[in-house]
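What follows is one structure encoded as C-alpha cells, with my remarks underneath.
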Amino acid sequence: MQPYFKKDWTMQSQTVNYITKASQRLYFDKHYVLAEEQLAVRSRPPLPIISSRKLTFPPKFKAPRQAWVLNMDTVEEEKLGLIDLHPEVFAERPRVDIIHENIRWQQLYRHVSYANTKMRYEVRGGGKKPRPQKGSGRSRHGSIRSPIWKGGGVVHGPRSPTPYFYMLGFNTRLNGLRSTLSAKLAQDDLHVVDSLDIPTDDPSYLEKLIEERGWGPAVLFVDDNDIMPLNITAASDSYGHYNLMPVYGLNVYSMLKHHTLVLTLAAVERLEERLLFHLNRNDAAVAGQKYKLDSV
C-alpha cells in the first residue's frame, strides 16, 4: 500500500505544479496583451474614406475646399480620405494688412519698457541757488536741477514700467485667423491628419516622418484637447521647432512662426464651429464694441 500512496502523492504534486505554471502563464499573457493594447495605435476603418461632412452654416456662394486626411502611424504618407473644408474659414482672400495688425498686437501686448529718466524733483542736489541773482553778469538760475542744466531733470522723458498693451478689435482678430488659415491652405502648408497617435516615442521617428513628407523645419501640431498623446509629446520634447498646441490657443503669430500647420480632424471641426459661430452670431455688434480695460 505504501508505493500506491507515494505514487499518488507524486501525481498530485505534478498536477499542482502544472496548474501553478498554467496560471502564471495566463497572468503574464493577460498583462502582455494589455501592454500591447496600450502601445498599439487605434484601428481605423477600411480605406479609402470619402467623407461628405455636413457643414455648419452651409456656404451660399463659394464651393467648399477639400483636403486629404493623412495618417501618422507610418513614416510613409497614406491618404485616408478626402474631407470638405468650409470656404468662409479656409478659402478667404488673405488680408496681409490684417495679418500684420495681429502680429504687431501679439508682439506688443506682452512688451514692457523699463527705460526711465529722472524728473526735476528726483535729481540729487540743487537745493541751493547756484549764484546770486544780480552782480555776476550771468543768467539767473535758482537750481542746478533745472531741465535746462546739464545733469538736471528730464522733461517728458520715459518713465518705467511702461506697458504697451492694447486690445485689438474683435473682428480684426477673427479675420486674422481666417486669413492665415486660408493662406496656409493655399500654400499647401496646412495638412489634416486623423489623429496625433504615433506608434513610438522615439524622436527619430517623428523627424523621419516630417522629413519624408516635406513638412519643413518647423511644424505646429494642433489637437482639440490640451492633453496630447503620450508618444508624440515625448517625441517632440527633444525638438524646439516641433510644437504641440490645443485648438483654443491657436493664433496668427504661432501659425506664421511655423512652416507647416498640422490639424487633426477634431481640431478642424472645433475650429470651424467656433469661427462660424462668431461670423454668424446675432450680437456681433456687441462683440465688436471697443474693449475697455476696466469695464465691469
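Every read-out reported here was derived from the displayed coordinates using simple, explicitly stated rules and does not represent laboratory data. Source: prediction; values computed, not measured. Every residue, glycine as well, gets a Cβ built from its backbone with ideal geometry; the counts of neighbours run over all protein chains shown.
Structural remarks
- Distant-in-sequence amide contacts of Leu70, defined by a placed amide H-H separation under 5 Å and a gap of 5 or more residues or a different chain, comprise Leu80, Val192, Val193, Asp194.
- Whether segment 191-259 is rounded, prolate or oblate, judged on the alpha carbon gyration tensor where a/c under 1.5 counts as rounded: oblate
- Per-peptide average of other Cβ atoms within 10 Å, ordering 118-126, 97-105 highest first: 97-105, 118-126
- Compared with the rule-of-thumb size 2.2 N^0.38 Å for a compact globular protein, segment 115-163 has a Cα radius of gyration ratio of 1.40.
- Dipole axis of segment 59-173 (+1 Lys, Arg; -1 Asp, Glu on Cβ), positive-most option in Asn171, Leu80, Gly135: Gly135
- Cα-based shape type of segment 113-260, given that a ≥ b ≥ c are square roots of the gyration tensor eigenvalues and the cut on a/c is 1.5: prolate
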